[in-house]
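The next block holds one structure in the form of structure tokens; read it before the comments.
The values are calculated or read from the model by the stated rules, or taken from the named source; none is laboratory data. Everything numeric in this text was worked out from a predicted model, so none of it was measured. Cβ coordinates were reconstructed from backbone atoms using ideal geometry, including for glycine residues, and neighbour counts include every protein chain displayed.
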Amino acid sequence: NAGVTQTPKFQVLKTGQSMTLQCAQDMNHEYMSWYRQDPGMGLRLIHYSVGAGITDQGEVPNGYNVSRSTTEDFPLRLLSAAPSQTSVYFCASSPRASGSSYNEQFFGPGTRLTVL
Amino acid sequence: GDSVTQMEGPVTLSEEAFLTINCTYTATGYPSLFWYVQYPGEGLQLLLKATKADDKGSNKGFEATYRKETTSFHLEKGSVQVSDSAVYFCALKAGSNYKLTFGKGTLLTVNP
């Protein structure tokens, strides 16, 4: 298993450009999520999905779109990049979506995005 | 809402020193508690977990005990190594909610 994979590893954008961060998992996990990590802020949830065709907003969804057309893929779209979106982005997946006493989330290696 | 407060770093120790990173939480119901570790340039990995009061999670020499009475889940290790240098995150999952709430992270640096 490759686990959770993310591409690209690094990206530089200009303000106003759009791009898609890719995330894929090969573990047949129901739950997938996107976080951003900023210094002194920990990880903040952007969007999440409990299964194909189902997505919802997290703490900081503004400026980001997601879709979940398959179980494996969960891309994150920036429609018009802003300097405030400079961050490290992590995708994570989990084998259970709800009704469980715990769920371990498996994280990808991250995408470091800089918006100029 | 749910929240996690952990000791702000950075923490710098010498090899073989004792480590404690404090973590307290606020949550409805009976959350599950986790410690994740992030090594330089990598994503987060689950270090240990505890799902009910008085459970002790342990892994790689690290331990943490779920203390319901003090709403705490402090991370400890008796003798740290240089390879333990990383950022450590305390996190909780409340009830049937599948979302994790993370603390801000504590950077640990261990010097030889």
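Some observations on this one:
- Being surrounded by 14 or more Cβ atoms within 10 Å (Cβ to Cβ) and either more than 14 Å from chain A (Cβ to nearest Cβ) or among the basic types (Lys, Arg) (or both) is a property that B:Leu47 lacks.
Conditions (1) within 14 Å of another protein chain (Cβ to nearest Cβ); (2) out of contact with any strand residue (DSSP E or B) (no Cβ under 7 Å at 6 or more places or on another chain); (3) closer than 18 Å to A:Gln17 by Cβ, marked per residue:
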site: A:Gly40; (1), (2), (3): yes, yes, no
site: A:His47; (1), (2), (3): yes, no, no
site: A:Ile54; (1), (2), (3): yes, yes, no
site: A:Leu79; (1), (2), (3): no, no, yes
site: A:Cys91; (1), (2), (3): yes, no, no
site: A:Pro95; (1), (2), (3): yes, yes, no
site: A:Phe106; (1), (2), (3): yes, no, no
site: A:Gly110; (1), (2), (3): yes, no, no
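- Hits in region B:25-53 (condition: part of a loop (DSSP other than H, G, I, E, B) and in contact with a Phe, Trp or Tyr (Cβ under 7 Å, 6 or more places away or on another chain)): B:Pro31, B:Gly43, B:Thr51, B:Lys52, B:Ala53
- Consider region B:72-91 and keep the residues that are surrounded by fewer than 16 Cβ atoms within 10 Å (Cβ to Cβ) and out of contact with any Gly (no Cβ under 9 Å at 6 or more places or on another chain). The one that is farthest from the other protein chains (Cβ to nearest Cβ) is B:Val82.
- Considering the conditions (1) touching a Ser or Thr at 6+ places or on another chain (Cβ under 9 Å); (2) modelled with pLDDT under 95; (3) of a type in the set (Gly, Ala, Ser), A:Ala2 is excluded by exactly one of them, (1).
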